[in-house]
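Undergrad: Take a look at the following structure, please.
The values are calculated or read from the model by the stated rules, or taken from the named source; none is laboratory data. Quick caveat, the model's predicted, so the values are computed rather than measured. Every residue, glycine as well, gets a Cβ built from its backbone with ideal geometry; the counts of neighbours run over all protein chains shown.
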Amino acid sequence: MLNVISLNGRMVDNPRLNENGKKPSVQFALAVDRPWIGSKKSGCDFFKCVAFGRTAQFICSNFVKGQLVAISGSLRNTSYAIASGEKRYKTEIHVDNADFAGGKPVPQYTDTDDSGLPPYGERS
């Protein structure tokens, strides 16, 4: 049996590294367009993703909100009980690999940064 998933989508928010546990981790959402049906766009799906270790560090240091990213990993289902005792279920993608799908973003410089470069729109 095989549990493999590959998606191309856009980062919904800027990823933030969580170093509270034994391994660094990151949780993020990926927005993936549904295919066009005729001349009408079908919509977008949002997938919850989690990565650990070096993959989490790579994602946090290389991706920003809105950037196109290609991920591969496996689909995981977990369950937990809330305070009232009711059982809840959660489905996440455990990311093993992440890669640039639309190129690395150009950094946006501001008047207040210390790079010594002029603001992005004023460069020649």
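Undergrad: Looking at region 100-114, can you tell me whether even one residue there is aliphatic (A, V, I, L, M), at pLDDT 80 or above and within 15 Å of Gly9 (Cβ to Cβ)?
TA: For region 100-114, residues aliphatic (A, V, I, L, M), at pLDDT 80 or above and within 15 Å of Gly9 (Cβ to Cβ): present.
Undergrad: Tell me which residues, restricted to region 1-38, are assigned to a strand (DSSP E or B) and aliphatic (A, V, I, L, M).
TA: Selection gives Ile5, Leu7, Met11, Val26, Ala29, Leu30, Ala31, Val32, Ile37.
So that you can scan it fast, the table gives a plain yes or no per residue for (1) modelled with pLDDT of 95 or more; (2) in contact with an Asp or Glu (Cβ under 7 Å, 6 or more places away or on another chain); (3) among the basic types (Lys, Arg):
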residue	(1), (2), (3)
Arg16	no, no, yes
Phe28	yes, yes, no
Asp33	no, no, no
Ile37	no, no, no
Gly43	no, no, no
Phe47	yes, no, no
Thr55	yes, yes, no
Lys65	no, yes, yes
Ser72	yes, yes, no
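Undergrad: For region 17-68, enumerate the residues that are basic (Lys, Arg) and either in contact with a Cys (Cβ under 6 Å, 6 or more places away or on another chain) or more than 15 Å from Ala98 (Cα to Cα) (or both).
TA: Within region 17-68, the subset basic (Lys, Arg) is 22-23, 34, 40-41, 48, 54, 65.
Hits for region 17-68 are Lys22, Lys23, Arg34, Lys40, Lys41.
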